[in-house]
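To start, the structure under review is shown below, and the notes come after it.
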Amino acid sequence: MKIGRTIYNEAGHPLLKADAIVSDRIIERLKQLNIRYVYIDDLISSGIEVEESVPTEKRMKIVNQITDSFHKIKGLNFKDASLVLDKQSKVIGVIVDDLLDSILNSEEILTVLTDAFLYDEYLYQHSFQVTLYSLAIAKELGYSSNDLRNIGIGAMLHDVGKLMVPTSILLKPGRLSDEEYETMKHHTTYGFEILRNLHTISLLVAHCAFQHHERLDGSGYPRGLVDYEIHPYAKVIAVADVFDAVTSNRVYREKMLPSQGICIIDAGSGTLYDAKVVEALKRSVVHYPNGTIVMLSDGRRGVVAKQNIADSSRPIIRIFEENQILLKATYILNLLEVTNLKILKVETEYVIGVE
């Protein structure tokens, strides 16, 4: 097997380059580094491109800028943190403008690859990805350019209050105790306290941090707000936040596939999450990334070859197996044109030619 995509560390240096041969020693080393998924080049996926919406170099630069900005306020009190963040607001605005430019100028469905990068701390990667998802959702909902910018900054800073949470809790590898969870929940209030005193950023951004864990039915925190009491920006970021959380690798939990994450959020549509926001997410992000092996409802197996912009839940499939027999020649099946078929499951454990 050959590595299909280069794996990078948080500094942007390649840990394992594309085309490297996978050995048992390399597999063990990847496990030690907590890398659970890699892209592999094989015959059935030959020629299928897996591209991120934001190029690797830009992603690395932005995540490092977020890391630098957040590190500057780590360990400070609320007042000093606000002062430092005020000075960082221009940098944050430029980052959001850069991401917004990438999303607005692309007709493609948003693809974010969380597997090909290794970061020491999840917070910075999470802030980047939630910003991307939030902007994609907000674009789909038709927000104005000014709203998009505020939503982007709100998403970038939605978890800034976590810098006030003890590191022992923030980076704990196991499940939090009830007491630790209560402490963690304070990050929404901490974020609000930091952001509401900024002079260079809209007060709406502070409410994004304050309300992104509120839920329509009043089951969220910190105030148990209900539907009409939650700001529309926060409703967007809430969905983006959960989607990234469940589809990213964590020390204590394996990630879900994008299609699984969408199902989780869809189950809470109208009760936990705003239904319009959920539908916008479903239209905006890739459900089945290129290169994913799937089984169709008629038993055929194939690999996702391309996305359908009109409906990202029904991609174009390269069929390689029928009746559990590998085909000598693959063929293309567009699920938008075959309405009686659906994707039954994603084959994460499938090995070519082996049941």
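Here is a check on your reading of the model: is R149 basic (K, R) and in a helix (DSSP H, G or I)? Spelling it out, R149 is indeed basic (K, R) and in a helix (DSSP H, G or I).
Only one of the numbered conditions (1) free of Cβ contacts under 8 Å to residues at least 24 places away in the same chain; (2) not in a loop (DSSP other than H, G, I, E, B) is violated by M256, and that is (2). On the given criteria, is E279 of a type outside the set (F, W, Y), open to solvent by 30 Å² or more (accessible area, probe 1.4 Å) and more than 27 Å from Y143 (Cβ to Cβ)? No: the conditions fail for E279.
Please find, among L33, L85, L99, L15, the residue that is touching a strand residue (DSSP E or B) at 6+ places or on another chain (Cβ under 6 Å), among the hydrophobic types (A, V, I, L, M, F, W, C) and over 30 Å from E321 (Cβ atoms).
Values: L33 fails: touching a strand residue (DSSP E or B) at 6+ places or on another chain (Cβ under 6 Å); L85 fails: touching a strand residue (DSSP E or B) at 6+ places or on another chain (Cβ under 6 Å); L99 fails: touching a strand residue (DSSP E or B) at 6+ places or on another chain (Cβ under 6 Å).
Exactly one of L33, L85, L99, L15 is touching a strand residue (DSSP E or B) at 6+ places or on another chain (Cβ under 6 Å), among the hydrophobic types (A, V, I, L, M, F, W, C) and over 30 Å from E321 (Cβ atoms), namely L15.
The residue of region 171-197 that is farthest from the chain's Cα centre (by Cα), among those that are surrounded by fewer than 19 Cβ atoms within 10 Å (Cβ to Cβ) and aliphatic (A, V, I, L, M), is L176. Return yes or no: is T200 at negative phi, of a type in the set (S, T, N, Q), part of a loop (DSSP other than H, G, I, E, B) and open to solvent by 40 Å² or more (accessible area, probe 1.4 Å)? So T200 passes the test. Does any residue of region 311-323 turn out to be closer than 22 Å to E51 by Cα, within 30 Å of the chain's Cα centre (by Cα) and hydroxyl-bearing (S, T, Y)? Scanning region 311-323 turns up at least one residue that is closer than 22 Å to E51 by Cα, within 30 Å of the chain's Cα centre (by Cα) and hydroxyl-bearing (S, T, Y).
Picking from residues in region 308-347 that are touching a residue at least 60 places away in the same chain (Cβ under 8 Å) and in a strand (DSSP E or B), the one that is least open to solvent (accessible area, probe 1.4 Å) is F320. Is it the case, given these coordinates, that V294 is touching a residue at least 60 places away in the same chain (Cβ under 8 Å) and either assigned to a strand (DSSP E or B) or within 23 Å of M256 (Cβ to Cβ) (or both)? No: the conditions fail for V294.
Of the residues in region 302-318, not one is more than 24 Å from E108 (Cβ to Cβ) and not aromatic (F, W, Y). Counting the residues of region 135-153 that are within 16 Å of I62 (Cα to Cα), under 16 Å from the mean Cα position of the chain (by Cα) and in contact (Cβ under 8 Å) with a residue 40 or more places away in the chain gives 1.
Output the residues belonging to region 219-242 that are outside any loop (DSSP other than H, G, I, E, B) and either buried (at least 24 other Cβ atoms within 10 Å of the Cβ) or under 24 Å from the mean Cα position of the chain (by Cα) (or both). Hits for region 219-242 are P232, Y233, A234, K235, V236, I237, A238, V239, A240, D241, V242. For region 297-307, a tally of residues being in contact (Cβ under 8 Å) with a residue 40 or more places away in the chain and either open to solvent by less than 20 Å² (accessible area, probe 1.4 Å) or of a type in the set (G, A, S) (or both) returns 5. For region 132-140, the condition holds for at least one residue, the condition being that it is modelled with pLDDT of 85 or more and surrounded by fewer than 22 Cβ atoms within 10 Å (Cβ to Cβ). Taken together, V94, V112, V63, V54 contain a single residue that is open to solvent by 30 Å² or more (accessible area, probe 1.4 Å) and either out of contact with any Pro (no Cβ under 7 Å at 6 or more places or on another chain) or over 18 Å from A155 (Cα atoms) (or both), which is V94.
State yes or no: is L216 under 24 Å from the mean Cα position of the chain (by Cα), open to solvent by less than 50 Å² (accessible area, probe 1.4 Å) and more than 12 Å from L157 (Cα to Cα)?
yes
If you check F70, F78, which single one turns out to be touching a helix residue (DSSP H, G or I) at 6+ places or on another chain (Cβ under 8 Å), surrounded by fewer than 20 Cβ atoms within 10 Å (Cβ to Cβ) and aromatic (F, W, Y)? Criteria check complete, one pass: F78.
Given the residues N9, N105, which is the only one that is open to solvent by 20 Å² or more (accessible area, probe 1.4 Å) and either closer than 30 Å to P166 by Cα or acidic (D, E) (or both)?
N9
In summary, I27 fulfils each of the numbered conditions (1) hydrophobic (A, V, I, L, M, F, W, C); (2) touching a residue at least 12 places away in the same chain (Cβ under 8 Å); (3) surrounded by 12 or more Cβ atoms within 10 Å (Cβ to Cβ) with the single exception of condition (2). All conditions in (1) under 21 Å from Q129 (Cα atoms); (2) open to solvent by less than 30 Å² (accessible area, probe 1.4 Å) hold for K162, with the sole exception of (2).
The values are calculated or read from the model by the stated rules, or taken from the named source; none is laboratory data. Small disclaimer: the values here were computed from a predicted structure and weren't measured. FYI the Cβ positions are ideal-geometry reconstructions off the backbone, even for glycines, and counts take in every protein chain you see. Accessible surface is based on the protein model in full, side chains and every heavy atom, while ligands, DNA and RNA are left aside. Shrake-Rupley method; radii C 1.70, N 1.55, O 1.52, S 1.80 Å.
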